[in-house]
Amino acid sequence: MLAQLTSLPEDPALRLALYIAMALALLTLAVMAQVLVLAELATRREARRQAFIAAWRPHLAAWSMVPDTDSLPAAPHGRRERLWFLLLWSRMQRQLRGTARERLNELLGRLGMLGPVLGLLDSRAAHRRLVALSCLRYLGDAEQWPAVLPLLDSRNAAVSLAAAQALVAMDPAHAMQRIIPRVEERRDWALPRLEALCQQAGRQAVSEPLLAQLSASQGSIGRAVGLLAWAEPGQAAPWARRFLAELPADVQALDDEARDAALRSLGELRDPRDRELLMAYLDSESPALRLAALAALRRQAGADDVALFTPLLADPNWWVRQAAADALVALPGVDVATLTTLLETLADRYGQDALRRAMAEGGHE
Amino acid sequence: MNVLATLAAIDWIWWSQVFFIGYFLLLNGGYLALNLLSMVSLRRYMRQRAELGEDAPYLGVEPAVSVLVPAYNEAATIRISVLSLLQLQYPEFEVVVINDGSKDETLEVLIEAFELEAYPEPLRRTVPHQEVLGVYRSRRYANLKVLDKANGGKADALNAGINAARHGLFCAVDADSILQRDSLLRVVQPFLEDERTVAAGGTVRIANGSRVRGGFLLEAGIPRSLLARFQIVEYLRAFLFGRLGWSPMNAVLIISGAFGLFDRERVMAVGGYSTSTVGEDMELVVRLHRYHRERRLAYRIHYLPDPICWTEAPEDLGTLGRQRSRWQRGLAESLSRHARLATSPRGGAPGHLAWPFMTLFEWLGPLVEVGGYVFMIVGFSLGIIAPLALTVFLLVAIGMGILLSVNGLLLETLSFRVYQRRRDMLRLFLVAIVENFGYRQLNTLWRCRGLWQWFARRKHQWGAMKRSGQWGSE
């Protein structure tokens, strides 16, 4: 029996199975060794990184408060250390504002790190290019515009969006003029990321290129309309009015999203001249548009508008009913007695529920 | 007579051997392929993570989220759980706790701890659930709401939560889940990156042996209990290559009920959680696949390898056995109910790859495994299978099991390195070997029991879990 187990079996199938078992054992041992080696290497690398950060962090913190050339250590050497330094510098920049940020920008120049940063832009590794773009964003130096602009068309969405952020930091108005015309074709630029860019650039920078893009669009409005909320309401209003007036409110069109954005934009403006246009959308078939119109009207409503919002308490859509109740409770000059009377006279049970909830939330119990 | 003669002439033993060996090859080949796929997608993910930075980016335009916490007899831990949820790093979110007719003081604890007051919240009935007895809001936390409802099970509680939620995305969280402060911010990323996303889930890890304070994980560690250690290796296998491998093909069939983010409108469109299954988390995901594929709607279901949720693993055989039986039953219910996903020409990767894989190796796997053990034992006893053949087959089977577990540890080392001490890694290697002698077989038996419960259609109930309660102590 023992001899049988220690010698190779004669049956070829069993012999093959035994070879497989041996190969599996070797492979398992190799994977285990790989795990241990990789873990050890990662631990050592992490320890070196932590030591580097511990050495540099106090200098960066001190320099962000008072620049002191005498106590500054020599600039980091080697590719890895330079990368660690730039990552630390970017992380600190994220936490700082105003003059502290400017001082750190100055430090980068004094250490001669601008050259390595620009060098990273040519790196094949995307994460190195991203580190460089992050640094250039904090520097906000318009002189580096030509170096960054080509990366706006990078096929890597993360790189192109980081380039967009850097350009916005350098010159918001010009950057948005470059970015917005690309929104339609760059489907990999997710809308929330674009909204964050608009937020960074500011309304003034967004308005002109965005409205030019919307006005130029043929047929269906593209996805750029989703950014309308980030444009200056006063500048966006003429386009929004024209767009809403062209398509009657009761027509179910493909551009519901665009109309929703236009209604929200007019809501931001709070211009009483838009009241009639907004009211027309209270009868829209789309609950989203009724909701947007209601929200826009709420922003310019007065005590006399109880009659305007009350019928919406019986709207078939839950969200519209709740929004109508919230609007009624928030009307200036409307007191508990008025709301209680309204609650008692309401025939619609769902409307009553909505109003009761809004009163409780608004402290009108 | 001819048929009987033909049957008698078949060499059953030879064909049985072919069947078991063929199944074994298919099973392990499938898992190895999945393992390779996971390695590729994990590498890609880690590179992207390095590109975007290790911290979850905060854009300021993240969509608001309703965090739904179904609770049944959670009086011991609910206060800490809710407090930790209220401290999540996220721009705008609400926490909706649904007390599903608890028999203990869960509601009383909540009322006292969070100064709840009754509140006339009108609830829509978009998805069905048992009667809601009361809605409460907190005087201390404006974004906390509690529903008290008649007992109807976890799925029923989640449905009530979906109806009460005010935001477009909802995150289903188990009351005993231990999160990281940026868990929500991480799991929302797929919704920001890809507008087609309808659901996203992340890796669930074992919290036993880790340092937890105030409902948040401070430091991961290895538990003393061998049973909990077995589960660490199992979870690494199940999540890091069991699910990650399917994600690039948009074929993830399971998002853990412990932590998952969903598009509320889409979930309502498919009818919410099913109350007639114990595997409501998997059933919902499979139904979402089917709904979108049948209607040719663009959608993505994402899986994140980030460890964003930690859970307390059972440390006694009884609780663990019941949990595994329930999971197996849930799997069988979900797959059998949506068999049409596999037969439909629009089934795509979820229907034509993931469904058959799960059916063949996860649903029917325990039965074949038990059949294999019986065949070997009987064959060996009767002298049909030679001792050498039996030994060699067992060596290959166990060797394969160990290799797959060790590969799970390799993926962990290549990615998040939650267990950084060499001693911990050596312990996990040992566990990867030891689990093949007894624990794996026990698991197979529990899963067979789950299949029997599915077949006998036993009544559904909340899975009772013995809690150590240590999370609340620090």
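The values are calculated or read from the model by the stated rules, or taken from the named source; none is laboratory data. Keep in mind that this is a model prediction, so the values were computed, not measured. Note that each Cβ is placed from the backbone with ideal geometry, even for glycine, and that neighbours are counted across all protein chains shown.
Quick notes on this structure:
- Strands (runs of 3 or more DSSP E) within region B:55-131 that include 1 or more residues of a type in the set (Val, Ile, Thr), within 14 Å of chain A (Cβ to nearest Cβ) and buried (at least 20 other Cβ atoms within 10 Å of the Cβ): B:65-71
- Test: residue in region A:60-82 that is among the β-branched types (Val, Ile, Thr) and touching a residue at least 40 places away in the same chain (Cβ under 8 Å): yes
- Entry remark, region B:132-171: residues being within 14 Å of chain A (Cβ to nearest Cβ) and surrounded by fewer than 16 Cβ atoms within 10 Å (Cβ to Cβ) number 5 in total.
- Helices (runs of 4 or more DSSP H) (entirely within region A:197-298) containing at least 1 residues that are touching a Leu at 6+ places or on another chain (Cβ under 8 Å), surrounded by 23 or more Cβ atoms within 10 Å (Cβ to Cβ) and modelled with pLDDT under 90: A:203-216, A:233-246, A:256-269
- Residue match in region B:144-154 (condition: assigned to a strand (DSSP E or B) and among the β-branched types (Val, Ile, Thr)): yes
- When region B:186-199 is filtered for residues that are surrounded by 22 or more Cβ atoms within 10 Å (Cβ to Cβ), touching a Phe, Trp or Tyr at 6+ places or on another chain (Cβ under 7 Å) and within 14 Å of chain A (Cβ to nearest Cβ), only B:Thr197 remains.
- Region B:384-406, subset more than 7 Å from chain A (Cβ to nearest Cβ) and within 29 Å of the chain's Cα centre (by Cα), residue surrounded by the fewest Cβ atoms within 10 Å (Cβ to Cβ): B:Ile398
- The residues on offer are B:Ser336, B:Ser381, B:Ser344, B:Ser325, and the sole one that is more than 14 Å from every other protein chain (Cβ to nearest Cβ), surrounded by fewer than 17 Cβ atoms within 10 Å (Cβ to Cβ), in contact with a Gly (Cβ under 7 Å, 6 or more places away or on another chain) and of a type in the set (Gly, Ala, Ser) is B:Ser344.
- So B:Thr203, is it in contact with an Asp or Glu (Cβ under 8 Å, 6 or more places away or on another chain), within 14 Å of chain A (Cβ to nearest Cβ), in contact (Cβ under 8 Å) with a residue 60 or more places away in the chain and among the polar types (S, T, N, Q): no
- Taking the criterion of being modelled with pLDDT of 95 or more and either among the acidic types (Asp, Glu) or touching a strand residue (DSSP E or B) at 6+ places or on another chain (Cβ under 6 Å) (or both), no residue of region B:334-365 qualifies.
- Selection status of A:Leu38, assigned to a helix (DSSP H, G or I), free of Cβ contacts under 8 Å to residues at least 60 places away in the same chain, at the interface with another protein chain (Cβ under 7 Å from one of its Cβ atoms) and surrounded by fewer than 16 Cβ atoms within 10 Å (Cβ to Cβ): yes
- Subset of region A:1-35 [more than 7 Å from chain B (Cβ to nearest Cβ), modelled with pLDDT of 85 or more and either out of contact with any Pro (no Cβ under 6 Å at 6 or more places or on another chain) or at positive phi (or both)]: A:Leu16, A:Tyr19, A:Met22, A:Ala23, A:Leu26, A:Leu29, A:Ala30, A:Ala33
- Inside region B:314-323, residues that are under 14 Å from the mean Cα position of the chain (by Cα) and either aliphatic (A, V, I, L, M) or modelled with pLDDT of 95 or more (or both) make up a count of 0.
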